[in-house]
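Report on one structure; see the data block that follows.
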Amino acid sequence: MSELIFAPVPQRLAYTDASFTLTAGVLAINAPVAHELFFTTRQLQQSIEEAAGVKLDIVAGNPAPDRTRIALNIAVNASRHPQGYELTIDDSGINIVSSTPAGIFYGVQTLRQALMQAGAELPGLRITDWPDFPNRGVMLDISRSRVPTMATLYKLIDMLAGFKINQFQLYIVHTFAYRNHATVWRNASPMTAEEILTLDAYCQDRFIELVPNQNTFGHMGRWLKHEPYAHLAETQGEWVTPWGDKRHQPFTLAPTDESLALVRELLGELLPHFRSRQVNVGADETFDLGQGRSKERIKKEGLGRVYLDFLLKIYREVKAREHTMQFWGDIIMQHPELVPELPRDAIALEWGYEAGHAFDEHGAIFARSGIPFYVCPGTSSWRTLAGRTDNALGNQRNAAENGLKHGAIGFLNTDWGDEGHMQPLPVSYLGFLAGAVESWSHEASQSLHIPTTLDMFVFRDEAGVMGRLAYDLGNVYKLLDANSFNSSILFQTLVTDAATLSQTGVGPGSGFSREQCNQVLAAIGEIMELLPQAQMQRPDAALIQQEFSWVAGMLWHACRRIVWLNSIHAGQEDVALRRTLAEEIEGLIAAYRELWRARSRPGGFEDSVARLERLRQEYDR
């Protein structure tokens, strides 16, 4: 058979002339504490039965060699890295050796991928493998409208564990059911205390650390808009963003003792639900700091100093609970002279979501100051609907390359939900895969063919359609001769009203001709015409097809909306097209409602769909 595909690609892999055929026998756990490998062994047992039709009994210890078909072995100093492993397949059987249970788990994930492709007839090979980054995480935004169901989270964690991800975070602003703060989360379908405990246990079996994540400084508008918390806001009234927009909603906690008391209460209630001894306190994008209550203080002390002072107070609250603080590094990076004052036992999260982000420059600053840090790229799925494939891949590679260059201790791949979290979860699968392979084996994974790998391990598509479809649909954004930072032009066309588009030039007057839009429409049609041929071997196959069909419909609608807007700009509105768009948006809204229910909780839907309702009202007018 042809060579096998692995994701992540092992650091060292060599095929041999030997081969092995799985037959009846035993699956042996040879470890000081066999129970530490029981879940891993059961998982492998099930994979063997599904792929090869063979049921192997599980035993502990060293049974007779002639009965052993697979052995999982823990031995002191057996691997060069605590999470590393050796996997050998020869004519005598299969052996996985590591110095830790985690290493055995990762070796089993590699073996499971081989079984998916080869079944009972396995080629001889020897793999020596270890991760580039010891901490390889995914952060999922659950605070911008969309909170996944528990079933959705379980399936996502299973997929990530199979790609050797070992940290997971749920980005929380207001979506944990704090006992004394129901006003904030009442309509959000939040995660409950029991659900967090359950999810933590689910992650532990899969060697994933569920890291608590609660914003504590910026991005607190979901709290501050309510009367009981309004007095904690930095601003009440108009303030200006760094890019010149005027806002009127409160955004950042004022750096006061009263605000710190709220932070103290939130951490005190949230942290006991997690085994992790880390916590991500956010503290990013404190845009309105200095435009309200702290204005005079900042004039005297400086913006960076006031920011750092409050961050250090949060740090002390975290330390008092014997946790390690993670925090987003964007604000302190604007004041590089203060970076050396950061605690050496806090972890900076260096984030950036464009392919050319300054991971090299910023990583060097943290490294020179002796501050441990993660590199944090993203899936590029948010504010796009279909993703930005090339940007996502470039962003992940840039982060891995420069993280390794400057000694980053972790790689946290982020999946955000800005402006209603409209993108369906499967749109992010490409980005999740890319982050996993880059963070485990950056150099070895450069030759990995992403569409084929998606078909093999994510979509399970025997026809080889879905991987290429997701990849190509995620590059449609490049067909319009314009750039939109951290977004796509087509998405911005959908969430921005006609009057604003006329002013900004995104739609009318921007140079998007009818011919250019027709080229984009043709490309979308060509990509999607293969969708009915997909043969996905997974329970939600029909749902994935519906989700990508809806995404394509939204992109189609956006492109024709540009044509309509340009007709208005030219003084000759295409009224027939407007009526068609009005009919289309009705169907897209109805489909969106059903798709939301399939993977997400009801809270937040009305907030998300309001953006599409505004389009309907615009067409009616």
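Things worth noting here:
- Count - residues of the stretch 357-376 that are over 19 Å from the mean Cα position of the chain (by Cα) and either in contact (Cβ under 8 Å) with a residue 24 or more places away in the chain or over 17 Å from A400 (Cβ atoms) (or both): 12
- Within the stretch 47-59, one or more residues are assigned to a loop (DSSP other than H, G, I, E, B), in the same structural domain as P123 (by TED's automatic domain parsing) and closer than 23 Å to M456 by Cβ.
- Residue selected from the stretch 91-113 under the condition closer than 22 Å to F20 by Cα and among the polar types (S, T, N, Q), by the criterion modelled with the lowest pLDDT: S92
- Applying the set (1) in contact (Cβ under 8 Å) with a residue 24 or more places away in the chain; (2) not assigned by TED's automatic domain parsing to the domain that holds H557 to V476 leaves exactly one unmet item: (2).
- Any hit, the stretch 164-185, residues being more than 30 Å from A254 (Cβ to Cβ), surrounded by 16 or more Cβ atoms within 10 Å (Cβ to Cβ) and among the hydroxyl-bearing types (S, T, Y): no
- Test: residue in the stretch 118-125 that is crowded, with 20+ Cβ neighbours inside 10 Å, over 23 Å from the mean Cα position of the chain (by Cα) and touching a residue at least 12 places away in the same chain (Cβ under 8 Å): yes
- Whether a residue is closer than 24 Å to V147 by Cβ, in contact with a strand residue (DSSP E or B) (Cβ under 9 Å, 6 or more places away or on another chain) and not assigned by TED's automatic domain parsing to the domain that holds T493 was assessed, and T384 does not pass this test.
- Any hit, the stretch 336-347, residues being in contact with an Asp or Glu (Cβ under 9 Å, 6 or more places away or on another chain), closer than 23 Å to Y315 by Cβ and assigned by TED's automatic domain parsing to the domain that holds G435: no
- Checking each residue in the stretch 458-469 for being surrounded by fewer than 23 Cβ atoms within 10 Å (Cβ to Cβ) and assigned to a helix (DSSP H, G or I) picks out only R468.
- Some residue of the stretch 256-279 being among the β-branched types (V, I, T), modelled with pLDDT of 95 or more, part of a loop (DSSP other than H, G, I, E, B) and within 26 Å of I142 (Cβ to Cβ): no
- Odd one out for V240, checked against (1) closer than 30 Å to R593 by Cβ; (2) surrounded by fewer than 23 Cβ atoms within 10 Å (Cβ to Cβ); (3) free of Cβ contacts under 8 Å to residues at least 60 places away in the same chain; (4) touching a strand residue (DSSP E or B) at 6+ places or on another chain (Cβ under 8 Å): (1)
- Restricting the stretch 512-570 to residues that are modelled with pLDDT under 95 and among the β-branched types (V, I, T) leaves a set whose member that is nearest to T496 (Cα to Cα) is I562.
- Test: residue in the stretch 311-319 that is free of Cβ contacts under 8 Å to residues at least 40 places away in the same chain, in the same structural domain as V279 (by TED's automatic domain parsing) and touching a strand residue (DSSP E or B) at 6+ places or on another chain (Cβ under 7 Å): yes
- Filter result for R112 (among the charged types (D, E, K, R) and either farther than 27 Å from L160 by Cβ or assigned to a helix (DSSP H, G or I) (or both)): yes
- Checking A348, A399, A358 one by one, the residue that is on the phi < 0 side of the Ramachandran plot and surrounded by fewer than 24 Cβ atoms within 10 Å (Cβ to Cβ) is A358 and no other.
- Filtered residue count, the stretch 436-452, keeping only those that are assigned to a helix (DSSP H, G or I) and either within 18 Å of the chain's Cα centre (by Cα) or surrounded by 23 or more Cβ atoms within 10 Å (Cβ to Cβ) (or both): 6
- Hits in the stretch 243-258 - residues which are surrounded by 14 or more Cβ atoms within 10 Å (Cβ to Cβ), within 25 Å of K313 (Cα to Cα) and not hydrophobic (A, V, I, L, M, F, W, C): P250, T252, P255, T256
- Subset of the stretch 1-41 (residues that are assigned to a strand (DSSP E or B), within 34 Å of the chain's Cα centre (by Cα) and crowded, with 16+ Cβ neighbours inside 10 Å): L13, I29
- The residue of the stretch 186-231 that is farthest from A161 (Cα to Cα), among those that are touching a His at 6+ places or on another chain (Cβ under 7 Å) and surrounded by fewer than 17 Cβ atoms within 10 Å (Cβ to Cβ), is A193.
- Where a residue in the stretch 158-170 is not assigned by TED's automatic domain parsing to the domain that holds L270 and its partner, wherever it lies, is buried (at least 24 other Cβ atoms within 10 Å of the Cβ) and basic (K, R), with Cβ under 6 Å and at least six apart: none
- Scanning the stretch 171-202 for residues that are within 24 Å of K225 (Cβ to Cβ), free of Cβ contacts under 8 Å to residues at least 12 places away in the same chain and among the small types (G, A, S) yields a single hit, A182.
One line per residue, one yes/no per condition, for (1) more than 25 Å from F105 (Cα to Cα); (2) in contact with an Asp or Glu (Cβ under 7 Å, 6 or more places away or on another chain); (3) at pLDDT 95 or above; (4) of a type in the set (S, T, Y):
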position: Q167; (1), (2), (3), (4): no, yes, yes, no
position: V173; (1), (2), (3), (4): yes, no, yes, no
position: F176; (1), (2), (3), (4): yes, no, yes, no
position: W185; (1), (2), (3), (4): yes, no, yes, no
position: A193; (1), (2), (3), (4): yes, no, yes, no
position: Q204; (1), (2), (3), (4): no, no, yes, no
position: E234; (1), (2), (3), (4): yes, yes, yes, no
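- Residues (at pLDDT below 95, surrounded by 15 or more Cβ atoms within 10 Å (Cβ to Cβ) and of a type in the set (S, T, N, Q)) located in the stretch 42-90: T68, S79
- Residues located in the stretch 264-291, provided they are surrounded by fewer than 18 Cβ atoms within 10 Å (Cβ to Cβ) and among the small types (G, A, S): G268
The values are calculated or read from the model by the stated rules, or taken from the named source; none is laboratory data. From a predicted model like this one, the values you see are computed outputs, not experimental measurements. Every residue, glycine among them, receives a Cβ derived from its backbone with ideal geometry; neighbour counts consider all protein chains shown.
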